[in-house]
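Novice: Here it is, the structure, as structure tokens.
The values are calculated or read from the model by the stated rules, or taken from the named source; none is laboratory data. All of these numbers come straight from a predicted model, not from anything done at the bench. Cβ coordinates were reconstructed from backbone atoms using ideal geometry, including for glycine residues, and neighbour counts include every protein chain displayed. Accessible surface areas use protein heavy atoms only, side chains included; no ligands, DNA or RNA. Shrake-Rupley method; radii C 1.70, N 1.55, O 1.52, S 1.80 Å.
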Amino acid sequence: MESCDCIDTQWPADELLVKYQYISDFFIALAYFSIPLELIYFVQKSAFFPYRWVLMQFGAFIVLCGATHLINLWTFSMHSKTVAVVMTVAKISTAVVSCATALMLVHIIPDLLSVKTREVFLKNKAEELDREMGLIRTQEETGRHVRMLTHEIRSTLDRHTILKTTLVELGRTLGLEECALWMPSRTGMNLQLSHTLRHQIPVGSTVSTNLPIVAQVFNSNEAIRIPHTCPLARIRPPAGRYVPPEVVAVRVPLLHLSNFQINDWPELSAKSYAVMVLMLPTDSARKWHDHELELIEVVADQVAVALSHAAILEESMRARDMLMEQNIALDLARREAEMAIRARNDFLAVMNHEMRTPMNAIIALSSLLLEIELTPEQRVMVETVLKSSNLLATLINDVLELSRLEDGSLELDIRTFNLHGVFKEVINLIKPVTAVKKLSLTLMLAPDLPVYAVGDEKRIMQIMLNVVGNAVKFTKEGYVSVIASVAKADSLRDWRAPEFYPVSSESHFYLRVQVKDSGCGISPQDIPHLFTKFTQSRSGPNRSNDGTGLGLALSKRFLNLMEGHIWIESEGFDKGSTVTIIVKLGTCDNQIESSSLQIVSRTRPS
């Protein structure tokens, strides 16, 4: 016993108490050893846990605590020093792990609290998102109603249907107690109630536009809240408890065609507005939301566009009716004019035939009388009769030709003819007159001018006789020259007709004729009137010659028919004039060699 290394207990042991402590330490150790197993199971089954290392510390602490209780079982009886050392090491380890775990808890408690705070924050965010999603769903539902309303009011162009549909759809979408529309009067001084949803306000009621509340609505481009007792609302409170409803008003621009000019800029005039009044139910404490006010503003703009379209349609329908009436009147006038033209042409044809026979007889008899012996006085009278008869015959022919040109019945006689021969014949016909007046008459043909061409020979000769005859008639002394050539591209810059663009080809060419004279000349302001029928220049001192004023008018119409042109140039009185003619002619395959630039006929004054 002296050599035993045992440690005795310091106090006497009560066997029953020791027995209970022994059993308790055993169960405590068992419980301590089971808790880490449960923690290990929890960590393995948990998909997310941010503090696994803390659980490991707790597990070590609990295992050590269980170990101390388990070792403590041997201390209830005689035990060796080794057991005491093991017990001491276990308690020291337990103390270290316990302190370390306590210190780590100090650090993780704020994190755990923040996790709770974050949980509350996320919960609040989730509730806020739920509210926003509800608002978005409400706005989407409202937007759908707006699209439906827009489709409904744009599917018709009747004003009454547009306004009635707007009130009904707004009342159904927003759950309104009343919705009313005030339209401006013709004078613009009053607003008149034209449409209501439930007729709580008598239709036809009027409100002055000078009221402050009306001016406030007109001056705002947004929906504004107005008192429920103002003249625009006119709510009669029911008996008993009464909750005043919220009322908003928004302006509706009224666009008309008169508000726009040709360049699409609005006129600087007073704008016209209607007012839409919307009222929430009186038996609830409901308030207007911002998205509802935005919906009202959008609907007001859509109604304004629909009403403007309806106004444009009404205006276009009125314009169409007026245009149809004008077209009917124009068609009637055209038929009457055509009947008058046919009657005139028939009359001219009959008169031409009936007058030409006695006129030819007078001309023939007058010519025969000049061949017999007459006294000077008789000869003058017969020459006057012959001259007047020839003038009248020319007038009859010109009037008939002009009539046929105007009604489109004149057709060109296109054939191959001798172009040089036409100019020679014109000179031969005019030569006797120039000989009597002692004028120099010159014809010059360019070397490249074709001898033969395709065109209306008769009309070309008639044009040349009119133009050359006028030059001889209005020239008392001096010369008259006729120059014929083919129009070249380099001479285009000399033409005085910017709207006339002739282009030569292998199948046709353009004949250019210039008739120059040293006569009395023409005033520049008279030149534009010379091609008007029955018109002559009377402003010059030498314009006392007889004539009908049809020669140049007929020539211009003939040239237009042959895709040609004519113009006159003169520097003034007593400075002569130049007439330029451009006419389109076809080319002929068999051409006869023409001589170089030559003087075909030249008569000098004696």
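Novice: What residues have an amide H closer than 5 Å to that of Ser440, excluding those fewer than 5 places away on the same chain, when H is modeled at 1.01 Å from N in the peptide plane?
Specialist: It is Gly478, Tyr479, Val480, by chain and number.
Novice: From the phi angles alone, apply the Karplus equation (6.51, -1.76, 1.60; θ = phi - 60°) to region 461-471 and give each ³J(HN,Hα) in whole Hz, x where the residue is Gly or Pro.
Specialist: Each residue's phi maps through the Karplus curve to give 5, 5, 5, 5, 5, 5, 6, 5, x, 5, 4 Hz.
Novice: Within the accessible area of region 293-428, what % is carbon and sulfur when the probe is 1.4 Å and the other protein chains stay in place?
Specialist: Details: 5380 of 8690 Å².
Ligands and nucleic acids excluded, carbon and sulfur give 62 percent.
Novice: Rounded, prolate or oblate for region 392-471? Axes are the square roots of the Cα gyration tensor eigenvalues, ordered a ≥ b ≥ c, and the cut-off for rounded is a/c under 1.5. Display every interim value, and only then the final one.
Specialist: On the way: a/c = 3.01, a/b = 1.19, b/c = 2.52.
Taking the square roots of the gyration eigenvalues as a ≥ b ≥ c, region 392-471 is oblate.
Novice: Another question, then. Which whole-Hz ³J(HN,Hα) couplings does region 290-302 yield from phi under the Karplus relation 6.51 cos²θ - 1.76 cosθ + 1.60, θ = phi - 60°, glycine and proline marked x?
Specialist: 4, 5, 5, 5, 5, 4, 4, 5, 5, 5, 4, 5, 5
Novice: Here's a follow-up. May I ask you to evaluate 6.51 cos²θ - 1.76 cosθ + 1.60, the Karplus curve with θ = phi - 60°, for each residue of region 204-217 and list the ³J(HN,Hα) values in order in whole Hz, giving x for glycine and proline?
Specialist: Karplus values, whole Hz, x for Gly and Pro: x, 5, 10, 9, 6, 6, 7, 5, x, 5, 5, 4, 5, 5.
Novice: Ranking request for peptides 177-185, 315-323: highest mean number of other beta-carbon atoms within 10 Å first, then the rest in descending order. Each step should come with its number before you reach the end.
Specialist: Values: 177-185: 20.7, 315-323: 11.0.
Descending mean neighbour count gives 177-185, 315-323.
Novice: Could you sort 198-209, 126-137, 287-298 so that the peptide with the highest average Cβ count within 10 Å comes first and the rest follow in order? Walk me through the intermediate numbers first.
Specialist: Details: 198-209: 13.8, 126-137: 10.5, 287-298: 15.6.
So the order, starting with the most tightly packed, is 287-298, 198-209, 126-137.
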